[in-house]
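Notes to accompany the following structure.
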């Protein structure tokens, strides 16, 4: 396990049926589609492996029934996988007993789900402080911490409100504040914004980005929305029928989808905000110092598209050391933006 890996997931299978363990044994730990169909078992997660690195946002997505939520439930052991291994900060999570798992969830894991799960008879302060109350923290200490989290998510002054007095977006902020109150090492979010109206959802995504810049949490985030994924993720894993079909950066996924299924997700992605100049430039730089006309390789193509498309000549591209590393033509820019050669 690498020193920056917080969660290590290897060869996870989650099978539903009469005797999942026996089914897996009969098929040497790797049943195929025919075996599932013949014996009436469901392979919700099939041989999934990935790492979650410290401080990254890993988004797992797919259509309904793809297995994405089952994966996050396996990682938190809300559902035990049928076979496979999961390590959490180097600890074998599947070897932990019930008492140990309760302590890990209370102190190291934050969880936010689509249904906000607020306690209707408790006000905002009491809802946010609830996990600290469960930990046995003194009232003064837990309320101090809860108030800090309420301020952090922009609900200062509403600590005495009850859930019914809040909008959907505000209720979700309370859920986020509550999950952060325990100062989790890893934050698990399962479609936290999908029940919100589009405008509120966009607002919550921006809020999420702001919080991550401040807190640098390790995050596993589930969504079915590719645009949301590309806006938030460091890496995206796409699932289909229980299998992880591609795991890569949003840019890599848009430029080099693994198959037609991934390409369909990426088809309408906002390429201007995802693809960097260096990913599509021609690497013909001569190492000279940058000029006023040069554009940074780290920029997203949407930031420099107007300049490139209005230039008769390829525009020089400079790297982190301010040296020319390549160039980008109108043709390359047009193809990257619109998927065609253009001018």
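Just to verify a result, which residue in segment 310-338, among those that are touching a residue at least 40 places away in the same chain (Cβ under 8 Å) and assigned to a loop (DSSP other than H, G, I, E, B), is surrounded by the fewest Cβ atoms within 10 Å (Cβ to Cβ)?
Filtering first and then ranking leaves 319.
State the number of residues belonging to segment 236-259 that are under 23 Å from residue 114 (Cα atoms) and crowded, with 21+ Cβ neighbours inside 10 Å.
Here the count works out to 6.
Taking residue 66, is it under 18 Å from residue 244 (Cα atoms), assigned to a loop (DSSP other than H, G, I, E, B) and outside the structural domain of residue 237 (by TED's automatic domain parsing)?
Working: under 18 Å from residue 244 (Cα atoms): yes; assigned to a loop (DSSP other than H, G, I, E, B): yes; outside the structural domain of residue 237 (by TED's automatic domain parsing): no.
Against the criterion (under 18 Å from residue 244 (Cα atoms), assigned to a loop (DSSP other than H, G, I, E, B) and outside the structural domain of residue 237 (by TED's automatic domain parsing)), residue 66 does not qualify.
Quick one: would you say residue 118 is touching a residue at least 40 places away in the same chain (Cβ under 8 Å), crowded, with 18+ Cβ neighbours inside 10 Å and more than 18 Å from the chain's Cα centre (by Cα)?
When the stated conditions are applied, residue 118 passes them.
Kindly indicate whether any position in segment 109-123 is touching a helix residue (DSSP H, G or I) at 6+ places or on another chain (Cβ under 9 Å) and part of a helix (DSSP H, G or I).
Checked segment 109-123: no residue is touching a helix residue (DSSP H, G or I) at 6+ places or on another chain (Cβ under 9 Å) and part of a helix (DSSP H, G or I).
If residue 255 meets every condition in (1) touching a helix residue (DSSP H, G or I) at 6+ places or on another chain (Cβ under 7 Å); (2) more than 27 Å from residue 48 (Cβ to Cβ) apart from one, which number is that one?
Exception for residue 255: condition (2).
Would a scan of segment 279-300 turn up a residue that is in a strand (DSSP E or B) and touching a residue at least 40 places away in the same chain (Cβ under 8 Å)?
yes
Identify, from the list 48, 71, 52, the residue that is modelled with pLDDT of 95 or more and either assigned to a helix (DSSP H, G or I) or surrounded by fewer than 19 Cβ atoms within 10 Å (Cβ to Cβ) (or both).
The match here is 71.
Would you say residue 262 is closer than 21 Å to residue 68 by Cα, surrounded by 13 or more Cβ atoms within 10 Å (Cβ to Cβ) and in contact with a helix residue (DSSP H, G or I) (Cβ under 8 Å, 6 or more places away or on another chain)?
The answer is yes for residue 262.
Just name the residue that is nearest to residue 190 (Cα to Cα) out of those in segment 122-151 that are in contact (Cβ under 8 Å) with a residue 40 or more places away in the chain and surrounded by fewer than 18 Cβ atoms within 10 Å (Cβ to Cβ).
Checked segment 122-151; the qualifying residue nearest to residue 190 (Cα to Cα) is 130.
When you go through 84, 156, 175 one by one, which is the residue that is within 24 Å of residue 55 (Cβ to Cβ) and either in a loop (DSSP other than H, G, I, E, B) or touching a residue at least 60 places away in the same chain (Cβ under 8 Å) (or both)? Before you say what the answer is, go through the steps one by one.
Details: 84 fails: within 24 Å of residue 55 (Cβ to Cβ); 156 fails: within 24 Å of residue 55 (Cβ to Cβ).
Going through 84, 156, 175 in turn, the sole match is 175.
The values are calculated or read from the model by the stated rules, or taken from the named source; none is laboratory data. Quick caveat, the model's predicted, so the values are computed rather than measured. Here Cβ is always computed from backbone atoms with ideal geometry, including for glycine, and neighbour counts include all displayed protein chains.
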